[in-house]
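What follows is a short report on a single structure.
The values are calculated or read from the model by the stated rules, or taken from the named source; none is laboratory data. Nothing here was measured: the structure is a model prediction, and the numbers come from that model. Backbone-built Cβ (ideal geometry, glycine too); neighbour counts: all protein chains shown.
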Amino acid sequence: MHPKSFSDLMRLAHGFESAKIFLVANDLGLFRLVGEGSTAGVLAETLQLDERALGILLNALVALGLLEADGQTFKNTHLGRTYLASEDRRESIFKHIHRCWESWNNLADVLCHGQPDEVREEQFLHNTQDWNREFIRGMEDVTRDLAPQVVSKLKLTSPRHLLDLGGGPGVYAKAFLQCYPELEKVTIFDLPMAIDIAKERLDGYQRIGNVRFSEGDFRYDHIGSGYDIIWISQIFHSQDERGCQKLIDKAWNALLPGGTVYIHDFLLDDTKMAPVSAAIFAVHMLVMTERGRTYTGSEIGTWLEERGFIDVFQDVVSEETAIVAAVKPS
């Protein structure tokens, strides 16, 4: 990741080109349309695109290893078949990333003014239904593999009622119920559109009777009470410091004595310069939100202790994420 030569700097500077090729192809649904084989002519006619231009793009996708070619016929690679063309495809997260492109393009202006000209209160809240649904489904794409991995590392002791705050499409709720058979109830608290998608995604799930759905905005609304576990995943980075502290206050009030809050996010180390993924994501929050950023585990731990929580601890739970957890005294 760290450039060591002029050639490395050139590759870094040109990185947007490969990304744009892939993201435009994904937006077009090209990988689904290619299937097990198609030509530039057929694809251009289907998509009503210029055949010569599309042919150049298809050749570049082959060069990038995202498609294969047999003469004039283009086919998906195993990667494309698995993640971009199958019924289990995860194209939504890439559509969401592409929709953030314009905000990133305005980074220089944000550095002048401190925030985007058109502030998005958080990356989830946008002014179009389509953008929001793509974001929620993108979060499902990301957490489909991550949630079971993270949840299995928590080693919860006899959990009974868990609150999944800002639970989005319900992937973590399902992972908790699968990992902990003794868990009696999971409440997903989120905005109405997210709850609708969670209901859609969990329809038919064998433990759906253990799931409760609660609509609201966690910044302003009451989040309920009587929980012995509160799970707050990938929310702190969209909030400013005071917003994070308010969520800790709400967790304190909602937890039973002896209950535990788990805060899961891209956490920086105490230098705020590593790991790379968390440092870059802080810039993403800079261009996408009013005052969001990534935080250190120490910052979050201090806020928890100031509120009265005890037994604060941190743990790495995936390649890019970690948790800070703490207990409300009995």
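Please tell me if A175 is closer than 22 Å to F309 by Cα and among the small types (G, A, S). Against the criterion (closer than 22 Å to F309 by Cα and among the small types (G, A, S)), A175 does not qualify. As a summary of the residue check, A175 satisfies the conditions (1) closer than 20 Å to T260 by Cβ; (2) more than 18 Å from the chain's Cα centre (by Cα) except for the one numbered (2).
Out of the residues in the range 290-330 meeting the condition of being closer than 15 Å to A279 by Cβ and in contact with a Phe, Trp or Tyr (Cβ under 9 Å, 6 or more places away or on another chain), tell me which one is surrounded by the most Cβ atoms within 10 Å (Cβ to Cβ). By that ranking, first place goes to G292. Tell me, please, whether a residue that is in contact with a His (Cβ under 8 Å, 6 or more places away or on another chain) and not small (G, A, S) can be found in the range 313-322. Scanning the range 313-322 turns up at least one residue that is in contact with a His (Cβ under 8 Å, 6 or more places away or on another chain) and not small (G, A, S).
Looking for something touching a helix residue (DSSP H, G or I) at 6+ places or on another chain (Cβ under 9 Å), surrounded by fewer than 20 Cβ atoms within 10 Å (Cβ to Cβ) and over 22 Å from K246 (Cβ atoms) - is there at least one such residue anywhere in the range 274-283? Within the range 274-283, one or more residues are touching a helix residue (DSSP H, G or I) at 6+ places or on another chain (Cβ under 9 Å), surrounded by fewer than 20 Cβ atoms within 10 Å (Cβ to Cβ) and over 22 Å from K246 (Cβ atoms).
Here is the figure for the range 1-43: residues that are modelled with pLDDT of 95 or more, out of contact with any Lys or Arg (no Cβ under 9 Å at 6 or more places or on another chain) and not hydroxyl-bearing (S, T, Y) total 25. Once the range 131-153 is narrowed to residues that are buried (at least 16 other Cβ atoms within 10 Å of the Cβ) and small (G, A, S), the residue that is farthest from E91 (Cα to Cα) is A147.
Would you mention how many residues in the range 154-207 are crowded, with 19+ Cβ neighbours inside 10 Å, over 24 Å from D315 (Cβ atoms) and charged (D, E, K, R)? Selection size over the range 154-207: 1. Counted as qualifying within the range 52-171 are the strands (runs of 3 or more DSSP E) with 1 or more residues that are modelled with pLDDT of 95 or more and within 20 Å of F16 (Cα to Cα), namely 67-70.
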